[in-house]
Every structure is written in structure tokens, then in C-alpha cells.
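Rule-based calculations on the coordinates, nothing more; no lab input. Note that the structure is a prediction, hence the values are computed from the model and not measured. Positions of Cβ are generated from backbone atoms using ideal geometry, with glycine treated the same way; all protein chains shown enter the neighbour counts.
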């Protein structure tokens, strides 16, 4: 059974669509870390992206690529987190209605930000309701197009613009990266970046990083078929808890990825604290797993140039406090 | 009485010396803020500089410009904060000894970072000792060159590289800024940036921002002569509490600056919280005063492109907590 491919041309088209709306986020180094690991690490700071995560790229690209009369009828997303904010902000910019299906117990800050973008929130009960059914029912009654957080070619192409920007920045700097580490939930981010690197810098090793115990993607890659996490909650990395790889991204990632790593919650929290104290960057645990893999020594950086994607920065104050207290 | 001038050539020389050691920090926008103020604001993120503040630029340039046999005998700085870290790190990179004269009650984190760079700390008692005398006595006994935090042409030239980078980035982006807001303590940062803008983008309005009650610089500019703050402590903006303008910078700033603003401690803390929540940036209160002036409406940004320097990000956890709790 075929899935739609995503090509470097799709990524180039996406880059054109998001230009001027999404930030070209900076690549930031950390000499202290370089000394520690004996290599050169550069962080692609998607925590500094509009809405605080890479999700805005895919969401904006998807809305921009939709036929106008379809887009006008509105978009729907199922998310309590970064994807919700990305879709809500993209819809606001196009002046179209957005509806976010969100658990009643979603964090107040994420709810407030989503509402601020003008989105309507439809609550569901995590325990007694199926969120996909709630979304489907809403669309049946009210119309609108579902924007999937990762299993969508335009979403993947939008995230792929990160890869294109990294390649462009490295070329300008005269840097030849050896590897890139990418936080992984449903696999849309790694799929898009993987396509960009296979075309633009094909020698670079492309690895994903997942929370320990939620390594559905790594296990799926090892088996060559999609498997599911046994738990759906229980990691501090709330941004990375997709139940299983999306089919479209998996078809790409099977050929493009060269490795899969995991980090513990404590390692992710240590990375959050390191980013805060040593780089003055606010990163959420799920966004920091690539940095965590480097800090914990799970990835050999000796004499290598390694790009690490910091995928998001929407952290609750209490989680940041937990991270900072660990370091004291 | 003449003071040594600092020219655009000195800044170009400094840029060559610090290249590869100091970060070329990013210019980062915030669409949410742009909507709010009706203009376009771009933040020059020196909180993301090596050691967490712009001070590294001036310190490194000063050490790099010193005759080698002088540098080898070591450097001395009087500071409990960002200048100490900048000088200590620059000395480490040159492999020369650094001694930092620091109050015994300096924050533990700042002390730890300074020690980490290999610097020796000489304690003094804020109440009963004059820190400049302590430094002078140390140099008389042990040798070494004092690196002043702002009243030094090479320090000013180093800070001026920020202006050169902003001009270069704006030119690349096709942006013509109308104004720049610069946090101001002793005036070294604004003096360097002012020289760069007078030469490279002479139509840009260059304003400094000080903590309310510590507006020695603004009052000195208005009077045309150097005056001193009545208090030496008592603002949350600890990075900006120099007692009076440095003579070298003042001679430059008299001709180059077009305005001076002040912000309250509460306004600075609100900016710290805004930078954290909306931009995922860690900024210290003194580093955030330019942003505070914009957020509090003290500077009209309507239909203008305004550059705001975020000069540092070395904030204590407790101060950040205070800032975040205000917003809730």
C-alpha cells in the first residue's frame, strides 16, 4: 500500500510559503559543551520559533497549501500542546476559524495561548472519550479540515524546511556536519529533515531521540514495521508521546534514518537545566532530548560536528523549577 | 582634556580579533509584540553570547590587543558579575592568569562560574573596603593589567562589534531600522554601538535605557557633564549600577546618542517574564530594560523598525521566579 511521498521540491515549496511568517531560527553553539564532549555541537533553536515550537512550520504550510475555499471553512486539530498552538496561530494569520480538540485537564497556559490565537476549544474527557472520535464528530457536524500533527505530507514538508535551513547555514559557515539528532514523537519532524539531508547533505548520519519507554519509533525501525508504545502517558517529555509512527513519515524514515536513541526523564530534565543555565535558552523536556543524549554521553561527539534540534520551548514553570532544583 | 577616541576602524579590528571566539548573536523578532506595538521589533540577543552577556566581546578584544608579554603577566578585573565572567573566560582562552576582585557576598552562581573559567578570586568587604583600592594593591604586589569594565577604548571597540553585526544583519534582511535601544550602566556598550551606527547607519536614533533612580547617564547627557548616582545599590538591574558615566564613552555618547529612557524594577521584571514566556529567552533584569521600555510604552514603536539590545542573561533562579510570579 503506497503512501504519498514527500520530496525536496515539496520542502522548497514549503519554504517559499512559510517565508516571512515562520522564523529562520538560529544555529547556536556552546563552547563549554564543545570542550566537554571534544566535538562541535550546534543547536537548531526551534524553541525560538513562532508559537515556541517547530509545529508552526508544518501547520502554516498545510494551511497555505490548501485550496482557498476549503481553508475558509476552517481547520480542526487534536492536540493539547505545540501542534494546537501552531494550527491556531496559522489559522489566525489566514483569518480562518480553528477548532482545537483538547483534554479538559490540559495545562492552563497552553489553553490560554490557544484561545489567544482566536481558536475555539472543544473539550474531551481523556478517560471516557476518544479524542479522534470527538474530532470526527465535530467535523461531521460543523465541517472543517483536520490537520494531522505528523501524518500529512504538507506537515512533513513544512518541518523539512528546518533541514533546508540547517544545510544552508552550515554551507554559509563552511561547516560539514557529521550527524544530526532529532527529537521524535510521531516522526514528522525527522521525516522532513531526513528528506532534506538525504538530498542536500547525504553523508550526514540522521538519528532520532525518544524518551525511554516510549521508543515505538526506534523499535519500529528495527523491526521494519510500525509498532505501538505500551504506555500512552508517563514521561516528562509530553511533546513526544505519539502512540506509534505515522505511516507517511515512517515510509521515508525507513530509508533515511541511521540510528535511534533514548534518554531518561532525568537526562531530559538535566538538559533543560543545562540549556537554561549555560545557554540562556528555555527548552521543554521533549525538545531537549537531543541535547540530553549528548550530555549523557549516549552519542559520541568526539571530533565530530553534530547538529542537535531543540524542537520546542513550551515548558510549565513547575517543570522548569523541577529541572533547576535537580542541578543544585 | 582629551580622551582616546574610538573609531569605526577600531571596531573593525575588534571584530577581526573576536571572530570565532565570540558568537555572532542572532536578531530575533516577536510577532506577538509587533502586533501589540504596531511596529517591528528585533532583539539583538547578547544573552546568548559566550558567558551570557556582551561583556565577553570587550574583554576578549582587550586581551587580544594587549602586547603578548604584558598579557602573559595576567589581567585583573573588579566585578561581581558579567564583566568578571567575560574577563575570566577571555583569560582562560589566552592561557593567562585572571584575578577577579569580588565582594564576599557575590551570588554563589556567579562565583562558581568565574572559578570555573580558572580565575582567582580576591574577596573584599563591600562595607569596609574600597574595591578599586583592593585591586590596585593586588596589582602593586602581584603585577597584572586592570581591565576596566567600560572606561577603556578596546573594551568599547569590542562592544561596538554588536553595532557592526546589527548593521550587517539588517542590510542582509533589507531592513532599515529607525531606532535602537541599549541598556546602559557605565556606557561602554552604548558608546561602541553608537560609533558603529553613526558611521554605518547614521539616521538611526540611538537611545539608552537605565533603571529609574540610577539615571546618571541620562542626567549627564542632559547637563553635558558627568554626574553620579546618589545610590549605588537598590535596583533589581544589578548589571547597570555603575556609579557614573565613563569618560571615554561619555565623550563619544555626547555626540552620538539621541535619547535616554528609564524603566522601573517592575517594568524590568515584566520584560524578563515576557522574554521567558513569549520568546523562550532567559534575560536578566538589567539586560531586559530596552524590552521593558517597549513593553511599558515608554518608546513609540508605531510604524517603526526598532532594534532592542538584550545585553545579558545571567539571572538568579530566585529573581526569575519573582518575575514569573508577577505575571500570574
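Using 19 Å as the cut-off for backbone N distance, which residues of region A:112-127 belong to the label zone defined by a point 7 Å from the Cα of residue A:137 along Cα→Cβ? The answer is A:120-127. The gain in end-to-end length when the residue B:296 to residue B:178 segment is fully stretched comes to 40.6 nm, 0.36 nm per residue minus the alpha carbon separation.
Across all C-alpha atoms in region A:230-322, the radius of gyration and Dmax reach 14.1, 40 Å.
For B:298, B:148, what's the fewest-to-most ordering of other Cβ within 10 Å of each Cβ?
On the way: B:298 15, B:148 19.
Fewest to most other Cβ atoms nearby, the residues stand as B:298, B:148.
Label-point spacing at residue B:178 relative to the other copies reads 5.0 nm, in ascending order, each point sitting 7 Å out from Cα along Cα→Cβ. Report, in whole Å, the centroid distance computed from the Cα atoms of region B:77-93 and region A:203-224. Comparing the Cα centres of region B:77-93 and region A:203-224, I get a distance of 42 Å. For residue A:202, the point set 7 Å out from Cα toward Cβ sits 5.4 nm from its twins in the other copies, listed from shortest up. Here each label is just a point 7 Å from Cα along the line to Cβ, and for residue B:202 and residue A:278 those points are 4.6 nm apart. The two copies A and B are related by a rotation, and the chain A beta carbon nearest its axis, with distance in whole angstrom, is A:26, 2. Against the longest alpha carbon principal axis of chain A, how many degrees, from 0 to 90 and to the nearest 10, is the axis of helix A:55-65 turned? Compared with the principal axis, the helix lies near 50 degrees. Between residue B:258 and residue B:36, the FRET efficiency from the beta-carbon distance, with R0 = 30 Å, is close to 0.80. For the protein assembly as shown, DSSP calls about 15 percent of its internal beta bridges antiparallel. What is region B:12-115 by shape, rounded, prolate or oblate, if you read a ≥ b ≥ c off the alpha carbon gyration tensor as root eigenvalues and call it rounded for a/c under 1.5, prolate for a/b larger than b/c, and oblate otherwise? Oblate, since a/c reaches 1.5 and b/c is not below a/b.
Can you check what the Kirkwood hydrodynamic radius comes to for region A:67-216, Cα pairs only, in Å to one decimal? Spell out each step's value before the answer.
Numbers: mean 1/r = 0.0587 Å⁻¹.
Kirkwood radius, region A:67-216: 17.0 Å.
Distance from the C-alpha centroid of region A:263-303 to that of region B:282-328: 26 Å, rounded to the whole angstrom. Measure nothing fancy, just the Cα-based angle from helix A:82-94's long axis to the longest principal axis of chain A, in degrees from 0 to 90, nearest 10. Rounded to the nearest ten degrees, it is 60.
Compare B:292, B:108, B:135 in a GNM of chain B, Cα atoms joined below 10 Å, and give the one with the largest fluctuation. With Cα springs under 10 Å in chain B, the top fluctuation among B:292, B:108, B:135 is at B:108.
As a length-normalised measure over Cα pairs under 8 Å and 6 or more apart, the relative contact order of region B:54-151 settles at 33 percent. Look at the Cα gyration tensor of the protein assembly as shown: its axes a ≥ b ≥ c give a/c of at least 1.5 with a/b over b/c, and that counts as prolate.
Taking all Cα pairs closer than 8 Å and separated by 6 or more residues, the relative contact order of chain B comes to 22 percent.
Sorted from nearest, the other copies put their residue B:67 label points 7.9 nm away, the label point being 7 Å from Cα in the direction of Cβ.
At 0.36 nm per residue, and after removing the present C-alpha to C-alpha distance, how many nm does the segment from residue A:92 to residue A:266 gain when stretched out fully? Don't skip to the end; give the middle numbers.
On the way: separation 174, 0.36 × 174 = 62.64 nm, distance 3.68 nm.
Here the segment from residue A:92 to residue A:266 would lengthen by 59.0 nm.
Placing one equal scatterer on every Cα of chain A and applying the Debye formula, the log10 ratio I(q)/I(0) at q = 0.06, 0.08 Å⁻¹ is -0.18, -0.33. With the simple spin-label model, which puts each label point 7 Å out from Cα in the Cβ direction, the residue B:232 to residue A:228 separation comes to 6.9 nm. To the nearest Å, what is the center-to-center distance of region B:132-162 and region A:1-61, using C-alpha atoms only? Answer, in whole Å: 41. The simple spin-label model puts a point 7 Å past each Cα toward its Cβ; for residue B:105 and residue B:19 those points are separated by 4.6 nm.
Based on the Cβ-Cβ distance of residue B:115 and residue A:244, what FRET efficiency does E = 1/(1 + (r/R0)^6) give at R0 = 60 Å, to the nearest 0.05? Kindly include the intermediate steps, with their values, before the conclusion.
Numbers: r = 48 Å, r/R0 = 0.81.
So, using R0 = 60 Å, E works out to roughly 0.80.
The helix-only estimate of mean residue ellipticity at 222 nm for chain B, built from DSSP H runs of length n ≥ 4 each weighted as -39500 (n - 2.57), is -14000 deg cm²/dmol after division by the residue total.
Percent relative contact order of region B:104-198, based on C-alpha pairs within less than 8 angstrom and at least six residues apart?
27 percent
Once the Cα atoms are used to define both axes, helix A:8-18 deviates from the longest principal axis of chain A by about 70 degrees.
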